[in-house]
1. Determine the dipole magnitude for the range 38-174: charges of +1 sit on the beta-carbon of Lys and Arg, -1 on that of Asp and Glu, nothing else is charged, the reference point is the Cα centre, and the result goes in debye to the nearest 20.
2. Averaged over all directions, how much area does the convex hull of the C-alpha atoms of the range 60-175 cover when projected, in nm²?
3. What is the pair-distance distribution P(r) of the range 49-123, computed from all Cα-Cα distances in 5 Å bins starting at 0, with each bin given as a whole percent?
4. Just add up the charged neighbours of Leu123: K/R +1, D/E -1, any other residue whose Cβ is under 12 Å from the Cβ of Leu123.
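FYI, it's all coordinate maths here, none of it is from the lab. Just so we're clear, the structure is a prediction, and the values are computed from it rather than from any experiment. Backbone-built Cβ (ideal geometry, glycine too); neighbour counts: all protein chains shown.
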Amino acid sequence: MTDRPIPDPIAYGPNGYPCGCGKDAHSNLTPCAPAAPQPRRIQRRRTKGWTLAGAAHPHRGGMIVDRSSRYGNPCKVGLMQEMGYDDPHAAAAANYRTWLAGNRSDAPTDEGDQQRERILAGLERLRGKDLACPCPPERACHADYLLRLANMPAADLAAWVTQVRARVDRQRVRDGEEPMYAAAP
């Protein structure tokens with residue numbers, strides 16, 4: 001039996017390891033796993049043969065977030081266009097961000113509050129998944145905001161949802177309505 005040198009457990013330098021990952025240092029004994037790509041927005045299509053399973057990342061899967069789902073944007077691009085916005089997609093996405101963050105000015109109804117709550121309660125289900133909406137990829141879309149929220153650290157997301165619920169309750173009480181989440185003051 002011949003003595004073979006034991007491989008150096010640390011390879012230094014950019015791309016110094018056969019995997020080419022570019023890390024400054026890591027083990028030679030265990031290959032470096034490539035980082036999984038971040039969840040992304042994909043365009044939902046209604047063409048023959050298109051499937052969410054075929055469009056989404058094979059390991060993380062995807063969720064449809066258009067109006068046919070609980071996550072859909074209640075603000076319609078067509079309405080923003082009729083109102084004269086130069087970029088109706090951006091206007092609809094901005095309106096969604098404001099509304100989801102608890103602003104009731106455009107939808108001061110129980111129905112709007114309940115729809116917001118369905119979305120807030122389901123954000124965790126979107127974590128790590130690709131999101132499909134019919135908006136073209138080069139246009140602003142509410143799914144971009146959902147991606148950012150769903151993939152923030154769990155504690156930060158929980159704190160944000162708590163703040164939104166408190167904001168909604170304050171506005172409901174201000175408007176003479178019963179709070180949705182907390183007991184009346």
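1. Using only the charged Cβ atoms, the result is roughly 400 debye.
2. 7.4 nm²
3. 3, 14, 20, 21, 17, 13, 9, 3, 0
4. So the environment of Leu123 carries a net charge of +4.
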